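The values are calculated or read from the model by the stated rules, or taken from the named source; none is laboratory data. Predicted model, so just to flag it, every value in this text is computed and none were measured. When we count neighbours, we look across all protein chains shown, and the Cβ atoms used for this are built from the backbone with ideal geometry, even at glycine. SASA here: full protein model, heavy atoms, side chains in, ligands and nucleic acids out. Shrake-Rupley method; radii C 1.70, N 1.55, O 1.52, S 1.80 Å.
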Amino acid sequence: MENIAILVLAAGLGKRLGGKSPKVLSSLGGFPLLQHVLRTAAALAPSTTIVITGFGRDAVEAAARTGQSTGFYALPKLAFVFQQEQLGTGDAVKSALSELQTFSGTVVILSGDVPLLRTETLNRLLQEHHSQRATLSLLTFKCAAPNPYGVIIRDASGRFVEQIVEKKDCSPEQSRIEEVNGGVYAVDSAFLVPAIKNLTNNNAQKEYYLTDIVAKAAAEGQRVVAVLADDHQELLGVNTFMELAEVKRIMLNREIAILIENGVEFADPASVYVDSGVKVAAGVKIGPNVQLRGRTEIHAGAVIEGSALLIDTVVHEGAVIKFAVRSEQAVIGKQAAVGPFANLRPETVLGEEVRIGNFVETKKAILGKGAKASHLTYLGDAEIGADSNIGAGTITCNYDGIQKQKTKIGKGVFVGSDTCLVAPIEIADGAYIGAGSVITKPVPADSLAFTRPPQVVKEGWAKKKRR
Ligand code: UD1
Ligand code: MG
């Protein structure tokens, strides 16, 4: 198999994106730009992938590694080099040459700020690179002037590239050329290493331009091939907030299109937001105004009525998420029903056929099969056994002002309405709690507990008062 090394340029600050955190960590579909680029890279099965860091080095390295550890991509070898000063894209590649010393093959250079590139297009670049026996090949696209990209100067035949001229160095005629550089290259390592060493910064930006290796190759009589991308969107670079917004919209449309093709049914796809790592099974129905974020999974037969925000939530087979549910780091069991108007907070685990109704909040709550909390309830730091019924207005008083305490409720327990369960507390299997109770002591199995004050009735009292 072909020997490929990948270089990812990721050292820049991104002045036009606020300049506070590294540009390649800008979020797109719930993942940093860099992780999208590395996911595309991984599909080429490169022998090594080298990320060139600079600004925000530690954060950029951590982000690249997180993509590996979470399985967003699997790169055989991931290495990092540090570019001391951001002196340009050519200088960035120079800082990676030490890692390429023993490498012989094709070096694929990717920009960390070009996140929509697809593996199919990269493969096309590599195919052309080999079939045309080029020394250097690059992806180009058509973009109406004015635009910020480097322009492609082809030779008289139009077949090969002679030069790339950065916008700031263009003559007025050159800046009208619509074919521009996508910042994605395939280069023979034997050419790249000496070419990079000889770059100069004699240009408008006083930067070492990677793009200057094109003129160098052409001058040596080597072939430089430009592969025009079918879809210009894939090569959009993220340099400004406007471009970031545009790329986000395109990515979202792609994700939704993939889900629709896979058999997910949306009532109004334009109103739905889906992050890139989300999984939805065929046949799932999704209503309007739904956001699926992070590592959310929706399994077969589930229905999401609409207006839901699900973050890192797993919805198992046949579950129904009714109108207006927010859920984060929760697991919703098979055939369970949640909402309308429910708030599932982190570490909520609902078993099969659990019912969570309106105005119910859960946090670190584990509910066994068939348990129900249908109205106006707070369940925090709680374990609730199968088939227990939690009455309207029940509150687990889990916080004593200093620490969180646990509530344990057994199987088949009936908790009457408007009950406070003052944790730590245990209610054993089959117990009954009378409505309006404040329970502070353990309740044994199959017993009745209540703390209700006795009812007083004074006949005729009201009538007398009115007189
Ligand atoms: C670059 C190309 C331009 C092309 C465009 C496509 C050059 C000189 N120009 O311009 O022809 O049309 O991409 O998107 O290459 N970076 C470093 N170290 C540096 C400078 C940049 O790692 O010293 C990284 C940046 O973080 C970014 C990438 O390289 O990920 C591209 O740099 P950027 O400044 O965005 O270059 P462009 O002006 O977009
Ligand atoms: Mg750029």
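The figures follow:
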quantity	calculated
Residues of the stretch 3-30 that turn out to be away from ligand 1 (no atom under 16 Å from the Cβ) and either in a strand (DSSP E or B) or charged (D, E, K, R) (or both), as a count	2
So GLY333, is it touching a residue at least 40 places away in the same chain (Cβ under 8 Å), of a type outside the set (A, V, I, L, M) and surrounded by 19 or more Cβ atoms within 10 Å (Cβ to Cβ)	no
Subset tally (residues that are open to solvent by 30 Å² or more (accessible area, probe 1.4 Å), more than 28 Å from ALA156 (Cα to Cα) and among the aliphatic types (A, V, I, L, M)) for the stretch 213-242	1
Looking only at the stretch 261-281, and only at residues there that are over 20 Å from the mean Cα position of the chain (by Cα) and not aromatic (Phe, Trp, Tyr), the one that is surrounded by the fewest Cβ atoms within 10 Å (Cβ to Cβ)	GLU261
Those residues of the stretch 189-212 which are open to solvent by 30 Å² or more (accessible area, probe 1.4 Å), farther than 20 Å from ARG154 by Cα and not polar (S, T, N, Q), in sequence order	ALA190, VAL193, PRO194, LYS197, ALA204, LYS206, GLU207, TYR208
Selection count where residues are in contact with a Lys or Arg (Cβ under 8 Å, 6 or more places away or on another chain) and either closer than 21 Å to ALA324 by Cβ or crowded, with 24+ Cβ neighbours inside 10 Å (or both), scope the stretch 358-370	3
Every residue from the stretch 145-189 that is hydroxyl-bearing (Ser, Thr, Tyr), more than 16 Å from ligand 2 (Cβ to nearest atom) and in a loop (DSSP other than H, G, I, E, B)	SER157, SER171
Complete set of residues in the stretch 85-104 that are surrounded by fewer than 20 Cβ atoms within 10 Å (Cβ to Cβ) and near ligand 1 (Cβ under 10 Å from one of its atoms)	GLU85, GLN86, LEU87
Residues of the stretch 107-124 satisfying the condition of being away from ligand 2 (no atom under 15 Å from the Cβ) and crowded, with 22+ Cβ neighbours inside 10 Å	VAL107, VAL108, LEU122
Odd one out for ALA45, checked against (1) more than 16 Å from ligand 2 (Cβ to nearest atom); (2) buried (at least 18 other Cβ atoms within 10 Å of the Cβ); (3) on the phi > 0 side of the Ramachandran plot	(2)
Whichever residue in the stretch 79-98 is more than 29 Å from the chain's Cα centre (by Cα) and of a type in the set (Ser, Thr, Tyr) and, among such residues, is modelled with the highest pLDDT	SER95
Only listed residue being in the same structural domain as ALA300 (by TED's automatic domain parsing), more than 18 Å from HIS299 (Cβ to Cβ) and of a type in the set (Lys, Arg), chosen from LYS334, LYS411	LYS411
Considering residues of the stretch 243-260 that are free of Cβ contacts under 8 Å to residues at least 40 places away in the same chain and within 16 Å of ligand 2 (Cβ to nearest atom) only, the residue surrounded by the fewest Cβ atoms within 10 Å (Cβ to Cβ)	ALA245
Conditions (1) surrounded by fewer than 21 Cβ atoms within 10 Å (Cβ to Cβ); (2) more than 16 Å from ligand 1 (Cβ to nearest atom): number failed by THR296	(1)
Residue ID - farthest from ligand 1 (Cβ to nearest atom), chosen from residues in the stretch 111-128 that are of a type in the set (Asp, Glu) and farther than 30 Å from GLY221 by Cβ	GLU120
Test: residue in the stretch 129-140 that is polar (S, T, N, Q), surrounded by fewer than 19 Cβ atoms within 10 Å (Cβ to Cβ) and away from ligand 1 (no atom under 13 Å from the Cβ)	yes
Selection count, the stretch 5-42, where residues are out of contact with any Phe, Trp or Tyr (no Cβ under 6 Å at 6 or more places or on another chain), under 15 Å from LEU110 (Cβ atoms) and open to solvent by 10 Å² or more (accessible area, probe 1.4 Å)	5
Near pairs, Cβ below 7 angstrom, 6+ apart or cross-chain, from the stretch 6-22 (more than 29 Å from VAL187 (Cα to Cα)) to any residue that is among the basic types (Lys, Arg) and not in a loop (DSSP other than H, G, I, E, B)	LEU17/LYS23
Every residue from the stretch 153-173 that is of a type outside the set (D, E, K, R) and either surrounded by 15 or more Cβ atoms within 10 Å (Cβ to Cβ) or under 14 Å from ARG223 (Cβ atoms) (or both)	ILE153, SER157, GLY158, PHE160, VAL161, GLN163, ILE164, VAL165, CYS170
Meets criteria (in contact with a Leu (Cβ under 8 Å, 6 or more places away or on another chain) and within 14 Å of ligand 1 (Cβ to nearest atom)) for ALA42	no
Unique match (being over 21 Å from GLU128 (Cβ atoms) and of a type in the set (A, V, I, L, M)) among ILE213, ILE164, ILE177, ILE196	ILE196
